[in-house]
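Chemist: Questions regarding the structure given below will be posed in turn.
The values are calculated or read from the model by the stated rules, or taken from the named source; none is laboratory data. Just so we're clear, the structure is a prediction, and the values are computed from it rather than from any experiment. Positions of Cβ are backbone-derived with ideal geometry, glycine not excepted, and every protein chain shown enters the neighbour counts.
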């Protein structure tokens, strides 16, 4: 059973501990390689495996030249995923401006060595922390000689000739490239939300939709467009299609997430639903009439049903 802590003082001290640390947004294939090595080594040496993840995301706290696109896995979703990966402990470490200015030597000694106990670090090839991002593999190895711990650095995972990274995945999702993003993640990107009352526009066109109020602090929503999706409703995983955008043909003013579930009848209002993005079908665009829009949606539905029939649910 995995124990989750939000205060470092609550984590029991244990010298025989293997630690990895980082933001781990998305728990993508690169992250999974690190976590797999951590848990396998811990099991082999009968040691404790500890993953330290920062909250909130450092990029949302520290000023950056590039805008923060949003979270792939808000903290609750991240913990849910980590719970199935064989870890003993997850520590959600508060990321503050003060922490960003902490000398990495102080953090390693005062927190990781003296409060948690560490025998070995397992980290990604490019991980760095602390003031000036000086807390890298070289610094850890130097300090390991002083404090009696070792360091393993895990090689990057490549997909289509580039390293897998959360930054790359966020960019792909914002551009609507969900199929490639899913390949990098190792799982199908999804959002959860509560079905709320909408304007019944889809119903008038013959394609009733569920209007989704997305859950998750700063959760990234893929770029505007029409997508083939699976919709998880209670125990049922149903084929459907989602429209993300402002519905220009219907003079929409606000960005919305709407889902039509193929061959479904029933009341979804107030229910929680999880939308799993499989493939982008087309751009969102403005049509000359509602009849033209309805005709296009019918074609979208046919394409979505054909595509999703090839996927295992």
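Chemist: If I go through region 135-166 residue by residue, how many of them are more than 24 Å from the chain's Cα centre (by Cα), more than 17 Å from residue 47 (Cβ to Cβ) and surrounded by fewer than 16 Cβ atoms within 10 Å (Cβ to Cβ)?
Modeler: Going through region 135-166 one residue at a time, the tally reaches 5.
Chemist: Does residue 110 meet the test of being surrounded by fewer than 14 Cβ atoms within 10 Å (Cβ to Cβ) and either touching a strand residue (DSSP E or B) at 6+ places or on another chain (Cβ under 6 Å) or within 24 Å of residue 36 (Cα to Cα) (or both)?
Modeler: no
A quick yes/no check of all residues on (1) closer than 29 Å to residue 218 by Cα; (2) touching a helix residue (DSSP H, G or I) at 6+ places or on another chain (Cβ under 7 Å):
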residue	(1), (2)
26	yes, yes
36	yes, no
45	no, no
51	yes, yes
60	yes, no
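Chemist: If I ask for residues that are under 17 Å from residue 176 (Cβ atoms) and either touching a helix residue (DSSP H, G or I) at 6+ places or on another chain (Cβ under 6 Å) or outside the structural domain of residue 264 (by TED's automatic domain parsing) (or both), which ones from region 221-247 would you list?
Modeler: 222, 223, 226, 228, 241
Chemist: Residue 295 fails exactly one of the following numbered conditions: (1) over 26 Å from the mean Cα position of the chain (by Cα); (2) closer than 21 Å to residue 197 by Cα; (3) not in a loop (DSSP other than H, G, I, E, B). What is the number of that condition?
Modeler: The one condition residue 295 does not meet is (2).
Chemist: Do we find that residue 305 is in contact (Cβ under 8 Å) with a residue 12 or more places away in the chain and more than 23 Å from residue 170 (Cβ to Cβ) in this structure?
Modeler: yes
Chemist: Quick one: would you say residue 17 is closer than 30 Å to residue 147 by Cα, in the same structural domain as residue 104 (by TED's automatic domain parsing) and within 22 Å of the chain's Cα centre (by Cα)?
Modeler: no
Chemist: Quick one: would you say residue 24 is at pLDDT 95 or above, within 18 Å of the chain's Cα centre (by Cα) and in a loop (DSSP other than H, G, I, E, B)?
Modeler: Taking the combined requirement at face value, the residue satisfies it.
Chemist: Sort out which residues of region 265-292 are loosely packed, with under 11 Cβ neighbours inside 10 Å and either in contact with a helix residue (DSSP H, G or I) (Cβ under 8 Å, 6 or more places away or on another chain) or in a loop (DSSP other than H, G, I, E, B) (or both), and write them in order of number.
Modeler: 265, 266, 267, 270, 288, 289
Chemist: Right, next: Test residue 255 against the criterion of being surrounded by fewer than 20 Cβ atoms within 10 Å (Cβ to Cβ) and touching a helix residue (DSSP H, G or I) at 6+ places or on another chain (Cβ under 9 Å), and give yes or no.
Modeler: The answer is no for residue 255.
Chemist: Go through region 96-133 and count every residue that is assigned to a loop (DSSP other than H, G, I, E, B), modelled with pLDDT under 95 and under 24 Å from residue 30 (Cβ atoms).
Modeler: 6
Chemist: While we're on this one: Show me the strands (runs of 3 or more DSSP E) found entirely inside region 155-238 where at least 2 residues are at pLDDT 95 or above and within 25 Å of residue 61 (Cβ to Cβ).
Modeler: Those strands (runs of 3 or more DSSP E) span 190-196.
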